[in-house]
Amino acid sequence: VLIFFMWKFLFSKMGGGGGGVMGIGKNNAKVYMESEIKVTFDDVAGQEEAKESLKEVIDFLNGPTKYTEIGAKLPKGVLLVGPPGTGKTRIAKAVAGEAKVPFFSLSGSSFVEMFVGVGASRVRELFKDAVAKAPCIIFIDEIDAIGKSRDNQMQSNDEREQTLNQLLSEMDGFDSSKGIVILGATNRPEILDKALLRPGRFDRRVIVDRPEFKGREAILNVHSKNVHLGEDVNLAEIARSTPGAVGADLANIINEAALRAVRRGRKTVLQEDLRESVEVVIAGKEQKDVILSPKEREIVSYHEVGHALAAAILKTDPVHKITIVPRTMGSLGYTMYTEEEDKKFLPSKEYFINRIVSILAGRAAEEVFFNIVTAGASDDIKKATSIARSMVSMYGMSERFDMVALESIENRYLDGRAVKNCSEETATLIDE
Ligand code: ADP
Ligand code: ZN
C-alpha cells in the first residue's frame, strides 16, 4: 500500500498561532426522516468512483426482485469512508434521492452520551419505523462513535455497547429483500469493531476522499450553478489553487465570494472575489488592525520571497501568490502554491528534500539579509520536521534505518498523526 501525504492546503505561512479547523457540532439524539429527497447524483460532484459503487444500491432499491430471483444476497450495510466535508452525507442523501425512497438519518455521536438503554431503544424504534417505510435508506453519520472497537479500552462504556449490540442485532434481524440499506459514514474506519464489518453487516466500503483537480473544478461548478458569475471567472484557476480542499471548503469559497460581491455593491461575482475568498477560507480574514512596523514588513517580505525563490529554483511546487497581509488565523504573510498539472502521486526523496529546503528558505532569507532570527518560522519548522521524520520512519529514505517501518499513520482521514512502532532507543535515533 502506498501512502502519500495530503497537505491540508499547500501553503507555508509566516507567523505564530494555530490554524483553524472546521468543525460543526451536532448534539441531539434525534432521528430525522425525510420522505422526499431533492438531492441527486448531479449535486454530488467529483466523486465518480463512489457514485459508481452506489449505483447498484440504487438499482436494488428500485427493484429488489431482480436480485432476489437470481438468489443474490443484497447488501445491507455500506460504509462511506473519508475525511470530513468530502460529501458523505450528501452522497447518502443523493442515493435516497435517486432511488426516490425515504431517508432516515441519525448521528452516532449524539447517541453515546445518554442514559444507558436509551440509545438501544432508539435504534430499535428506528428500525421499526424503517421497516414500515421500506424501501428506504438509513444513514448513520459518525458511526465510529457507536461502533468503536471494544478491545483495548480502559473502561467500558455500557451505553455505547448496548447501542452497538442493538444495531448489530437489528441488522442481522431484518430481511434485506425488504429494501432497507444502511449507509454509515466515518473518518476513522480503523477503530471500528470487527463485528460491525462482518459479512451481512457493513461489508462494503466506499471511499469518499479529497477531490483531485478535476473533482474540485466540478464541485465549484455545482455550487456556482445558482450564482451570478462574471465574464472573467475562471473556476479552473480556483480549483488549481486549492489542493487539499474538500467539497465543504469549496462550497464555502463560492459563498464567501458571493457575499463579498454583495458587500462591494456588485450584482455578479468576479474572479477577484473568488481569489480573495480562497484566502479567507485557508488563512482567515485580513486583519486591518495589525499594523506591522516597516522593518517587520520588510522581514516578512524577505521571508516569503525566500520560500518562493527556493521553490522556483528547485522546481518543487509552482508558486501562485505571495502576500504579506496579516490574516486572522495567525499568519503575517504566506506563500501559496498551486498543484502542478502532473501532480506527484509518488513523491521522490529528491522532492521531499527540495520541499524541506524551500520551507526552510524563509528563515534563511531572514538570516542572510537581516542577520536576524524571528519567531515567524515556527509553522515552517513544524512542517519541515514532519516531512523529515516521515522520510526516516515511514518511507525508508534514511541510510541508518533503510527500509524499516518505524511509525505508521493513524487517523489517515483526520489529522494523519504518526504512531511509533519502535523502542525508545530507536525513537531517540529517529529524533537524531
Ligand atoms: P461529510 O458528510 O463528508 O462530512 P457533507 O456531505 O456534510 O460532508 O458535505 C458538506 C457540504 O459540502 C455539503 O452540504 C455540500 O455543500 C458540500 N460538498 C461536499 N462534498 C461535495 C461534493 N462532492 N459535491 C458537491 N458538494 C459537496
Ligand atoms: Zn515561512
*Here are VAL95, VAL131, VAL118: which of them is of a type in the set (A, V, I, L, M), open to solvent by 50 Å² or more (accessible area, probe 1.4 Å) and in contact with a Phe, Trp or Tyr (Cβ under 9 Å, 6 or more places away or on another chain)?*
VAL131
*Can you work out which of the residues in region 411-426 that are modelled with pLDDT of 85 or more and outside any loop (DSSP other than H, G, I, E, B) is least open to solvent (accessible area, probe 1.4 Å)?*
THR426
*Would you point out which residue out of ILE372, ILE359, ILE387 is within 16 Å of ligand 2 (Cβ to nearest atom) and exposed (fewer than 15 other Cβ atoms within 10 Å of the Cβ)?*
ILE372
*Are any of the residues in region 304-324 small (Gly, Ala, Ser), free of Cβ contacts under 8 Å to residues at least 24 places away in the same chain and closer than 22 Å to ILE387 by Cα?*
yes
*asked:* What's the total number of residues in region 43-94 that are of a type outside the set (Lys, Arg) and not in a helix (DSSP H, G or I)?
replied: 20
*For residues that are in contact (Cβ under 8 Å) with a residue 60 or more places away in the chain and in a helix (DSSP H, G or I), scanning just region 276-294, find the one that is nearest to VAL325 (Cα to Cα).*
ALA283
*Evaluate region 337-348: report whether one residue or more is within 14 Å of ligand 2 (Cβ to nearest atom) and in a strand (DSSP E or B).*
yes
*Of all residues in region 220-276, how many are small (Gly, Ala, Ser), open to solvent by less than 30 Å² (accessible area, probe 1.4 Å) and farther than 25 Å from GLY82 by Cα?*
4
*Does region 68-83 include one or more residues that are surrounded by 14 or more Cβ atoms within 10 Å (Cβ to Cβ), farther than 21 Å from ASN187 by Cα and within 16 Å of ligand 1 (Cβ to nearest atom)?*
no
*For region 224-241, indicate whether the set of residues that are within 12 Å of ligand 1 (Cβ to nearest atom), out of contact with any His (no Cβ under 6 Å at 6 or more places or on another chain) and closer than 30 Å to ASP144 by Cα is non-empty.*
no
*Does region 267-275 contain at least one residue that is outside any helix (DSSP H, G or I), in contact with an Asp or Glu (Cβ under 7 Å, 6 or more places away or on another chain), over 20 Å from GLY333 (Cα atoms) and more than 16 Å from ligand 2 (Cβ to nearest atom)?*
yes
*Check on ALA195, within 16 Å of ligand 1 (Cβ to nearest atom) and surrounded by fewer than 21 Cβ atoms within 10 Å (Cβ to Cβ)*: no
*Any residue in region 15-27 that is in a helix (DSSP H, G or I) and either at pLDDT below 90 or away from ligand 2 (no atom under 16 Å from the Cβ) (or both)?*
no
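The values are calculated or read from the model by the stated rules, or taken from the named source; none is laboratory data. Note that the structure is predicted; figures quoted are calculated from it, not measured. All Cβ positions, even for glycine, are placed from backbone atoms using ideal geometry, and neighbour counts span all protein chains on display. To get the accessible areas, we keep the full protein, side chains included, count just its heavy atoms, and leave off ligands, DNA and RNA. Shrake-Rupley method; radii C 1.70, N 1.55, O 1.52, S 1.80 Å.
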